[in-house]
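Each reported figure results from applying straightforward, stated rules to the coordinates on display, with no laboratory input. Quick caveat, the model's predicted, so the values are computed rather than measured. Ideal geometry is used to build each Cβ from the backbone, glycine not excepted, and the neighbour counts take in all protein chains shown.
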Amino acid sequence: MYFCQWLLTAGIAALSLGAGFAKPLNGAGRTLVVVDDPNEYSQYLESLEQREFQLTIKDTHDESGLELVNYGELTYDNLIVLPTKAKSLGPKLSAKALLEYFNLGGNILAVTSAKSSPESLREFAAELDIHISPRGYQIVDHFNSADSSDEHNVLKLTSANINAPDSVISDIISHDEDGGSTKSGEFDYEAGNAAYLGNNELVIPFISAPSTSYVFDAREQEDNDVADKLWVSGSQAYLAAGLQSRKNTRFSWVGSASLFKNGAAASASAIDNITKWTFQEKSVLKSVGASHYDLTFPEVENPHIYKVSTDVLYLISLSEWNGNEWVPFDASDVQLEFIMLDPYYRLTLSRNATAEAAAEDGSIAIYSTQFKAPDQYGMFTFKTEYQRPGYTFVEDARVVTVRHIANDEWPRSWEITNSWVYLTSAGSVVIGWLVFVAFYLYTGYSPKKSDKKTQ
Amino acid sequence: MALVTGFQKSDRQLIDNALLLLKVSTLILVAGAAISSRLFSVIRFESIIHEFDPWFNYRATKYLTENGFYKFLNWFDDRTWYPLGRVTGGTLYPGLMVTSNVIHTVLRWFSLPIDIRNICVMLAPAFSGLTAYVTYLFTTEMKNETAGLLAAIFMGIAPGYISRSVAGSYDNEAIAITLLMVTFYFWIKALKLGSALWGGLTALSYFYMVAAWGGYVFITNMIPLHVFVLLLMGRYHSRIYVAYSSWYAIGTLASMQIPFVGFLPIRSSDHMSALGVFGLLQLVAFSDWIRSQVPSKQFKNLIIVAVLSILAISFAGLIGLTSAGVIAPWTGRFYSLWDTNYAKIHIPIIASVSEHQPTAWPSFFFDNFMLIWLFPVGVYLCLRELADEHVFIIVYGVLASYFAGVMVRLMLTLTPIVCVAAGIAVSSLLDVYAEFAIVESDEAVESTVNKGGDVLEEIDVTSSGTSTPGVSSEEGSIFKTLLSSNNTIKPLLAKAVVLISFTSYLFLFVKHCTWVTSNAYSSPSVVLASNLPDGSQFLIDDFREAYYWLRMNTPEDAKIMSWWDYGYQIGGMADRTTLVDNNTWNNTHIATVGKAMSSSEEVAYPILRQHDVDYILVIFGGVIGFSGDDINKFLWMVRIAEGIWPEEVKERDFFTASNQYRVDHEATPTMRESMMYKMSYYRFTDAFGGRDGHDRVRGQNIPASMAPELTTIEEAFTSENWIVRIYKVKDLDNVGRDFPKAIKFDKGQTSKKKRSQTELRL
């Protein structure tokens, strides 16, 4: 059967990338940490080092080593900006430099607070449609605060505030350890600032503020006209948000440094989730290859040309990085589109157990579908576009040609019953003519006398 | 020839041989002149394929030589009309490519490995030599060999034909004109002899013609029309029946073997006249036979009535079938032949082609020089003679003159008949005035006087075979009348004057042809030549520069969008996938490109994304003064786009309030926002040091203050003289911004402190 033949090729394609990575994906562990006093965050930084991140700790005054990009190459894979007393991050970390670094593939985790909200970082985030409140702005909630003072700047957050998708924050282990991996429990959010989000479709909100909170300019409190100094209020304010670029680099911003500080066990798992997401330790998908087959000639992998109305088999493999190794990615919403200007097909793919068994690679899930090419010639694209918030965008597009039926591929005339009438009439004329010629030649007529009569 | 009679038999033999030698060497020289005058372009420039369509033919020929005939026949071209593709093998006339390929194969078999490109370049001149020879044969059938030789030399160097057959002009017409003349020659032969063999040959060459050029429809209608006119003149004869029936039956069946033609011969109105005449001929033959069998006069009348009513019924049937949709109605191209404004109103895509414009009167003279006034003379002489074949010349002449007046490119079909008629006219003149023997010796004069009539008789019989019995042999022939009047006058001076003036005309004709060929028709149009102020030649090679850039710097599967004119060249020279090309089979797709070009960037960008466009190529002549650029063609893009999206693209918006087409500070906002305008004038003023730029084609100033800015595309390449400009379509922004915002940020124009006005996420 044709099945085993393409399975073999699919298996080979699948095996081309093997296991054996360090914990950060692809060994991408070079991390620059911009911080004034690393000791405040030592627990957090240690946890990173345990996960094989190579940390370079600098403060903003340290001119050397802050170049994120060197001749078009990334100096660091990841960047962590923790709150700093300095007003700006310096020329090496300007908004432009950050965007260039981000576009080239560097991940950024930015942490701000009410006291520290560097302009370059704000400007950069604003480009991503995450509008962080400026330095000195603070979020307060007078109705639902965890602190005893009048400032009310410690927010009590519950799992209801977390609106990040599972791909980013999958579990928050509650304080009283009752439920395991559900999003439950409460944690405090202290002296932070907040942001409002634009409609950029790539932005992923992580944590939203309680509806009774608001952000205002805390430095000019004497001015009673608070409303005039509002940055954003209610649940339109977000306390943490992220963005995954089209090239799959990730940016996260968290509005309070308290969550990262030593002893902040309450929120540790949320921060842990966000960090892992940002530095590509989780929710990373890849396709190790897609292939398509003309079922009339199943031995050819990825043929360039198809005939109209042939049966087509399409396979795509998906793997997920779980922090240690690639594992099969299981989903029920992977779709294939067969497009020429518009999709002619949009099919949901299903796991193909036979192909997976034949691929002999435990790290991939193979999705497949089978369909009949449309009766329309042209250049079609097999397109799988798996874009779910938080997950790596997987896109696989392969252009193939669907050709018309060649001149010798039509059914022969005698195979069509309708044509028998015409075949018979043509045949009878031929036979009749032959009979006539024979008759003419071998019977009486001789042009002896009347040959001049033709005029 | 008159001399021949007075000599001994052996002398006569000698003279016959000498005449043969003279004839052959003349024909060889004519062919040589025809070929060599077409080589200007190769000598001036290089062995290169010209213009637009030839680039496709060349590419197709290469495909054929590389992949063989069957693959060629079923060729699905995925490098053009992205993403629709084109069933190229089924939508082209393969005759030209197959011809080149056969020549290529034969030469290779002889171990002459000539590059296929050189065969393609030299094919048209080679066939023009053949055309000259066939014209000789054809005209010889009409009058005599003198006329034939004259027609051959006219045909060899007439600019009207050279315009489509210089070296490098590798187009269907290159071989089609030869085939046209071959078919007509065979037809005349078949008609004269009433031979099914010649009729079959006519059908074969007709088949070759069908395989080579869409203009075969001209033959399809020309021959039936000839027969129809003969029938109306009451000249029905079994010869006509045999010739026509054998041509029509075999030729139609053969033509249906070409995939592109298929069932057209029985389904389209263009071919109905041939079918109708075929049927009519059967009826006429039948009634003719009945008439010869039945004596009664009343019965004959009955037959005539019956024939007429059958005709009327079949005509009504034709109309019925057409309205029922079984027979395809006349195509737009056909209507535009009768109403020159038809295309402009209904099918802008046809009207937008420059060679579909009505012909300007001077171009008749330009393309045919003195032949154009000899042409009526030749037709008149044929009218006086009026044998069956002369009717052909008259019908052809009338039809082709009309068509040549309607469409520039149909000048090509007029040229052969002009040459033939002029050949007849000049030879008649020479017959009369170049009779020197008569003057030299009285004896010879006597003999000519006596023999004059006979000799002419002889010539007439040999040349035109069977002259029509209906025409009186005494007074019918204009040639004879001229000659006999000649006998009485013939003063030497008159002859000298006529001959000298005509020799100088002929001399001027050759000079004119050479001048026209070298100046007007030998430019490859891929490379442009101009003169510097000091008189030296300056070559503008921007097209090849840009196509080569595309070839070397873009991914192999890059999709290039350009206006359809450049599709074939991009495919041929740059080897990149195009959206539309000169095979304008899908009007909507062309309109899509027109819409992308004529709308703003925001509207165009989704179109570009949907069609996977990587690069956009525009032609801009404002710097160097190249008038055939895209801004001048722009209105056609707008019109064609408007035809499909009348709500979104409006031609009126591109004209100023005073109804002017402006590109300067008065240009309308729609104009300035359009992709085409922006791409043409992007950074144009930079070339003038930031001052207002001067567009040398339109003679207008582009204000520096209104310099267009691009957001969704970026400049990738501009050729030396700015003729070709290539833009790269940007990817979506990595972080999801819209393009203006991203550009603002790159330029550092974002406001920092303020809370920006953003639509909030809900």
Given Cβ point charges of +1 (Lys, Arg) and -1 (Asp, Glu) and nothing else, what value in debye, to the nearest 20, does the dipole of segment B:513-607 about its Cα centre take? 200 debye
Would you work out which of B:Val277, B:Gly234, A:Asn352 lies farthest towards the positive end of the dipole of the protein assembly as shown? Charges go on Cβ: Lys and Arg +1, Asp and Glu -1. B:Gly234
For B:Ala716, which sequence-distant residues (separation of 5 or more, or a different chain) have an amide H within less than 5 Å of its own amide H, given hydrogens modelled in the peptide plane? B:Ile726, B:Tyr727, B:Lys728
Where nothing but the Cβ of Lys and Arg (+1) and of Asp and Glu (-1) is charged, how large is the charge dipole of the protein assembly as shown around its Cα centre, in debye to the nearest 20? 5040 debye
For segment A:276-284, just list the computed ³J(HN,Hα) in residue order, Karplus coefficients 6.51, -1.76 and 1.60, θ = phi - 60°, integers in Hz, with x standing in for Gly and Pro. 5, 5, 4, 8, 6, 9, 9, 6, 9
What is the spin-label model distance, in nm, from B:Leu499 to B:Phe286 if the labels are put 7 Å beyond Cα along the C-beta direction? 6.0 nm
Given chain B, longest segment not containing exposed loop GluC sites (Glu not before Pro) (DSSP; at most 14 other Cβ within 10 Å): B:47-473
Classify the protein assembly as shown: rounded, prolate or oblate, from the alpha-carbon gyration tensor (a ≥ b ≥ c, eigenvalue square roots; a/c under 1.5 rounded; otherwise prolate if a/b is larger than b/c)? prolate
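Provide the gained length on full extension for the span B:Gln257 to B:Ala360, in nm with one decimal, where the gain is 0.36 nm per separating residue minus the Cα-Cα distance.
On the way: separation 103, 0.36 × 103 = 37.08 nm, distance 3.82 nm.
Here the segment from B:Gln257 to B:Ala360 would lengthen by 33.3 nm.
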Can you find, among B:Gly690, A:Val421, B:Asn368, the residue sitting farthest towards the positive end of the charge dipole of the protein assembly as shown, where Lys and Arg contribute +1 and Asp and Glu -1 at Cβ? B:Asn368
Most positive-pole-ward Cα, B:His356, B:Asn531, B:His589, against dipole of chain B from beta carbon charges: B:His589
What average count of beta carbons from other chains do you get within 10 Å of the Cβ of residues in B:78-91? 4
Modelled label-to-label distance, B:Ala316 and B:Asp686, 7 Å Cα→beta-carbon offset: nm? 7.4 nm
What value does chain B have for Rg/Rh, both radii from Cα atoms and Rh as Kirkwood defines it? 1.05
Estimated inter-spin distance, B:Val229 and A:Ser428, nm [label 7 Å along Cα→Cβ]: 4.2 nm
Could you work out the local net charge near B:Ala529, counting Lys and Arg as +1, Asp and Glu as -1, over the other residues with Cβ closer than 14 Å to its Cβ? -1
Toy charge model, Lys and Arg Cβ at +1, Asp and Glu Cβ at -1: segment B:542-746 dipole around Cα centroid in debye, rounded to 20, equals 240 debye
How much length is gained on full extension from B:His665 to B:Glu46, taking 0.36 nm per residue of separation minus their Cα-Cα distance? 218.6 nm
Report the full-extension gain for the segment B:Trp109 to B:Val24: residue separation times 0.36 nm, less the Cα-Cα distance, to one decimal in nm. 27.7 nm
Whether segment B:542-746 is rounded, prolate or oblate, judged on the alpha carbon gyration tensor where a/c under 1.5 counts as rounded: rounded
Can you work out the PRE-style zone for A:Ile405? Point 7 Å along Cα to Cβ, and I want the residues of segment A:302-339 with backbone N under 13 Å. A:307-310
